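Colleague: Shown below is the structure under consideration.
The values are calculated or read from the model by the stated rules, or taken from the named source; none is laboratory data. Since the model is a prediction, treat every value here as computed from it, not as a measurement. Cβ sites come from the backbone with ideal geometry, for glycine too, and all protein chains shown count toward neighbours. Ligands, DNA and RNA are stripped out before the accessible areas are found, and what is left, the full protein with its side chains, is counted by its heavy atoms. Shrake-Rupley method; radii C 1.70, N 1.55, O 1.52, S 1.80 Å.
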Amino acid sequence: MIKAATRFTILTFLLLGVLGFSQEKKKFSSIPNILQQINPSNRVDSWILVYNSYGKGEEIKISGKVDYTPQFSGFNLFPNEDSFYYIAYSEGGKVNYVTDVEGLKKFIDRIDNAQEAAVMLAAEGYMVDEEFKDLAGNYHEDKSNYYLDLGKLTSKECPYQKTHYTVTVNKSTGAVSNVKDNGTYIELYNKKCANNPRLLKIEKKEEPKKDEPRKTPKRK
């Protein structure tokens, strides 16, 4: 009886531990810190991650020595950002560059952590929204999957709109198995928007009544 009770207690704690692990949400750090968690494929000998802002390059991760030429374009993980990133890497004695998200996807090759999963999804238009991490910049995981809460720019027209999603990524294959639409979390209108709700709420002024024709008094 005691052994059965002990087994039941251990099983309960293990189950609670698994559930707690799977439900604990963690916020992604800044974009540079996310990129610093990248682990490239085994073919890469050494690589350097460079952040370029206003024409000035800053090496934010150095993994070995690479004699590279500064690049004037690169990839971005956040829409409408003036700065950019690029990677210079050595493979088989030849220096190559990663300057777009598709190239970044090939550079990573295989997902090893939640940060890499977020970077890979950037090629599909998803983003870690640093201004709204509770909605579009966090994740949790279990033994099989990463569950990433990410944002996506769903309208550049009027209104400018962002939607947040929960994207399930399989740890073994890196494949997306489910995408849950959690709805719009930001809408921005400008004065020129024909569908601006503030403009629609303005009460229309009543049209002035037309002057009625004068009646001629009857003679007695």
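Colleague: Of the residues in region 25-81, how many are more than 21 Å from Met120 (Cα to Cα) and hydroxyl-bearing (Ser, Thr, Tyr)?
Modeller: Result for region 25-81: 4.
Colleague: For residues in region 135-173 being among the acidic types (Asp, Glu) and assigned to a strand (DSSP E or B), which is farthest from Pro32 (Cα to Cα)?
Modeller: Once the filter is applied, the top-ranked residue is Glu141.
Colleague: What residue, among those in region 187-206 that are assigned to a helix (DSSP H, G or I) and more than 28 Å from the chain's Cα centre (by Cα), is modelled with the lowest pLDDT?
Modeller: Among those that are assigned to a helix (DSSP H, G or I) and more than 28 Å from the chain's Cα centre (by Cα), it is Lys201.
Colleague: In region 61-76, which residue that is under 24 Å from the mean Cα position of the chain (by Cα) and open to solvent by less than 40 Å² (accessible area, probe 1.4 Å) is nearest to Gly93 (Cα to Cα)?
Modeller: Here the answer is Gly74.
Colleague: Might you let me know whether region 89-103 holds any residue that is within 30 Å of Glu24 (Cα to Cα) and under 12 Å from the mean Cα position of the chain (by Cα)?
Modeller: no
Colleague: Filtering region 77-92 down to residues that are touching a residue at least 24 places away in the same chain (Cβ under 8 Å) and part of a loop (DSSP other than H, G, I, E, B), which residue is surrounded by the most Cβ atoms within 10 Å (Cβ to Cβ)?
Modeller: Initial filter on region 77-92 (touching a residue at least 24 places away in the same chain (Cβ under 8 Å)): 77-79, 82-92.
From what's left, part of a loop (DSSP other than H, G, I, E, B): 77-79, 82-83, 92.
Details: Leu77: 21, Phe78: 15, Pro79: 14, Asp82: 8, Ser83: 15, Gly92: 8.
Among those that are touching a residue at least 24 places away in the same chain (Cβ under 8 Å) and part of a loop (DSSP other than H, G, I, E, B), it is Leu77.
Colleague: Continuing with this model, one more query. Does Gly64 satisfy the condition of being at positive phi and modelled with pLDDT under 90?
Modeller: Judged against the criteria, Gly64 is not a match.
Colleague: While we're looking at this one, here's another question. Could you check, for region 122-143, whether at least one of its residues is in contact with a His (Cβ under 8 Å, 6 or more places away or on another chain), open to solvent by 30 Å² or more (accessible area, probe 1.4 Å) and closer than 23 Å to Lys180 by Cβ?
Modeller: Yes, there is a match, as at least one residue in region 122-143 is in contact with a His (Cβ under 8 Å, 6 or more places away or on another chain), open to solvent by 30 Å² or more (accessible area, probe 1.4 Å) and closer than 23 Å to Lys180 by Cβ.
Colleague: While we're on this one: Can you pull out every residue in region 93-114 that is part of a helix (DSSP H, G or I) and either over 15 Å from Gln36 (Cβ atoms) or open to solvent by 40 Å² or more (accessible area, probe 1.4 Å) (or both)? Before you say what the answer is, go through the steps one by one.
Modeller: As a first pass, look at region 93-114 and keep what is part of a helix (DSSP H, G or I): 101-108, 114.
Once the filter is applied, which keeps residues that are part of a helix (DSSP H, G or I) and either over 15 Å from Gln36 (Cβ atoms) or open to solvent by 40 Å² or more (accessible area, probe 1.4 Å) (or both), region 93-114 yields Val101, Glu102, Gly103, Lys105, Lys106.
Colleague: Tell me, yes or no, whether region 126-134 has at least one residue that is within 14 Å of the chain's Cα centre (by Cα), in contact (Cβ under 8 Å) with a residue 60 or more places away in the chain and part of a strand (DSSP E or B).
Modeller: Scanning region 126-134 turns up no residue that is within 14 Å of the chain's Cα centre (by Cα), in contact (Cβ under 8 Å) with a residue 60 or more places away in the chain and part of a strand (DSSP E or B).
Colleague: Let me ask something else. State yes or no: is Asn52 free of Cβ contacts under 8 Å to residues at least 40 places away in the same chain, more than 30 Å from Asn182 (Cβ to Cβ), in contact with an Asp or Glu (Cβ under 9 Å, 6 or more places away or on another chain) and not in a strand (DSSP E or B)?
Modeller: Spelling it out, it is not the case that Asn52 is free of Cβ contacts under 8 Å to residues at least 40 places away in the same chain, more than 30 Å from Asn182 (Cβ to Cβ), in contact with an Asp or Glu (Cβ under 9 Å, 6 or more places away or on another chain) and not in a strand (DSSP E or B).
Colleague: Kindly provide the set of residues from region 60-94 that are more than 12 Å from Val50 (Cα to Cα) and among the basic types (Lys, Arg), ordered by number.
Modeller: Matches in region 60-94: Lys65, Lys94.
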